Amino acid sequence: TVNGIYSGSPASGAIFEKNLIYGLNAANTAASINGIYVAGGTATYRNNMIGLGVSGNAATVGMALNGINEQGGTDNFYHNSIYIGGAPTAGTSNSFAFQSIVTANTRAYQNNIFVNKRSNSGSTGKHYAIRVGGTAANPAGLTSNGNILFANGTGGFTGLFNAVDQATLANWRTATGQDANSFSE
């Protein structure tokens, strides 16, 4: 696993801001690359720019790419810009501009740009703008709104919610009950 920033358990009130994470790579096709990996704690992540699988980066094999990968914590994400690109030629790994599996903690994802333009060119992975944890509309503690959610490559989906692909922003809104004022363009 390659992480641009790993956040374990920051103290309440921690702020991660104004970071540029670009061009991370790994030689192993089974690798997982995360711009920011959040393991737990309480923090605000704002005004970060992340580009993975972009020009000059050889991440063309089907490795897992995550702009932000939130695995735990009570976090806020504001005004982050994430771009996932590339054309994987092999493998089955998925990619996410933003991924969270948190299901109960208070969390806010607002005014972010989550773009996933990764497009299969021999691989069979799926490529998402966003994934949030939960099993029914309006998951406990979640506020997601004012975002740009865009995924248009081969194998691209606006989001993944409750293990179901959400092809369009309208599908995403219905499934999650969130992002009423978000865009997909």
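Things to note:
- Which of GLU70, GLU185 is most accessible, then next, and so on - probe 1.4 Å: GLU185, GLU70
- Using the 1.4 Å probe convention, the accessible area of the chain works out to 41 Å² per residue with neighbouring protein chains retained.
- Computed from the C-beta positions of GLN71 and GLU185 and an R0 of 35 Å, the FRET efficiency is 0.75 to the nearest 0.05.
- Distant-in-sequence amide H partners of HIS127 (H built 1.01 Å from N, under 5 Å): SER95, GLY156, PHE157
- Computed from backbone phi with θ = phi - 60° and the Karplus coefficients 6.51, -1.76 and 1.60, the 3J(HN,Hα) list for segment 30-36 is 8, 6, 10, 10, 10, x, 10 Hz; x is used for glycine and proline.
- Most fluctuating residue given options SER121, SER12, SER93, as computed from a GNM of the chain linking Cα atoms under 10 Å: SER12
- Subtracting the Cα-Cα distance of ASN162 and TYR78 from 0.36 nm times their residue separation leaves 27.9 nm of extension gain.
- Expressed as a whole percent, the accessible area of segment 1-139 that falls on carbon and sulfur atoms is 49 (1.4 Å probe).
- Karplus 3J(HN,Hα) series, Hz, for segment 113-120 with 6.51 cos²θ - 1.76 cosθ + 1.60 (x for Gly, Pro): 10, 10, 10, 10, 10, 4, 9, 4
- Taking each residue as 0.36 nm, the span from ASN25 to THR174 lengthens on full extension beyond its C-alpha to C-alpha distance by 50.1 nm.
- ILE101 accessible area, 1.4 Å probe, all protein chains in place, Å² to nearest 10: 70 Å²
The values are calculated or read from the model by the stated rules, or taken from the named source; none is laboratory data. These figures come from a predicted structure and were not determined experimentally. Positions of Cβ are generated from backbone atoms using ideal geometry, with glycine treated the same way; all protein chains shown enter the neighbour counts. The area values use the complete protein model at the heavy-atom level, side chains included, leaving out ligands, DNA and RNA. Shrake-Rupley method; radii C 1.70, N 1.55, O 1.52, S 1.80 Å.
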